[in-house]
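This report concerns only the one structure given below.
The values are calculated or read from the model by the stated rules, or taken from the named source; none is laboratory data. Everything quoted here is computed from the prediction, not taken from an experiment. Note that each Cβ is placed from the backbone with ideal geometry, even for glycine, and that neighbours are counted across all protein chains shown. To get the accessible areas, we keep the full protein, side chains included, count just its heavy atoms, and leave off ligands, DNA and RNA. Shrake-Rupley method; radii C 1.70, N 1.55, O 1.52, S 1.80 Å.
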Amino acid sequence: MTLTDDIKVAARLGQAVLKRRVSYLIVFITARCNLLCKHCFYTEQILNAKSKKELTLEEYGRIAERTGPLTNLNFTGGEPFIRTDLVEIIRQFRKHTHVPFVGITTNALLRDRVVRSVEEICQQAGPYYLKLGISID
């Protein structure tokens, strides 16, 4: 991003605060996880997780359409990269909210999928920042 892009992001954040809009959204995109860490606060949900109980891509698209401009969007779970439609969900939010900061918290054990998805996400129309939070549990 350029300085001009940074200024635009800062201006948008300021507008969101002044207009009391949602500017920061955390999405628990799945309860499914490929680990079962003893310290996890989400263990019960992980043990009972089923993909059929998750919101669909279409439902996330409708949420994105109604959310309005965002400054920061973070995906967590469970393990977000278990979702095979994660990239498309991010695309929907980028299209409708123009969010400049996207974060994904991951254990990164689905290495090939993480790499493939990150490459695909980075090819989406920008400018924006992508942050991966990788746990070292």
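Quick notes
- Taken residue by residue, region 123-130 has no member that is open to solvent by 40 Å² or more (accessible area, probe 1.4 Å), modelled with pLDDT of 95 or more and of a type outside the set (F, W, Y).
- When I90, I104 are screened for being among the β-branched types (V, I, T), surrounded by 15 or more Cβ atoms within 10 Å (Cβ to Cβ), under 24 Å from R66 (Cα atoms) and out of contact with any Lys or Arg (no Cβ under 9 Å at 6 or more places or on another chain), only I90 passes.
- Scanning region 45-81 for residues that are within 12 Å of the chain's Cα centre (by Cα) and free of Cβ contacts under 8 Å to residues at least 40 places away in the same chain turns up Y60, A64, F81.
- Lone unmet requirement of (1) assigned to a helix (DSSP H, G or I); (2) modelled with pLDDT under 90 for F41: (1)
- If the condition is being at pLDDT 80 or above, closer than 15 Å to F101 by Cβ and of a type outside the set (V, I, T), then region 1-38 contributes S23, Y24, L25.
- Taking the numbered list (1) surrounded by 17 or more Cβ atoms within 10 Å (Cβ to Cβ); (2) more than 15 Å from P80 (Cα to Cα); (3) at pLDDT below 80 in turn, I46 passes all entries but (2).
A quick yes/no check of all residues on (1) out of contact with any Leu (no Cβ under 8 Å at 6 or more places or on another chain); (2) open to solvent by 10 Å² or more (accessible area, probe 1.4 Å):
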| position | (1), (2) |
| --- | --- |
| F81 | no, no |
| T84 | yes, yes |
| L109 | no, yes |
| E119 | yes, yes |
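- Looking across region 49-79 at every residue that is in contact with a helix residue (DSSP H, G or I) (Cβ under 7 Å, 6 or more places away or on another chain) and hydroxyl-bearing (S, T, Y), the one that is most open to solvent (accessible area, probe 1.4 Å) is identified as T67.
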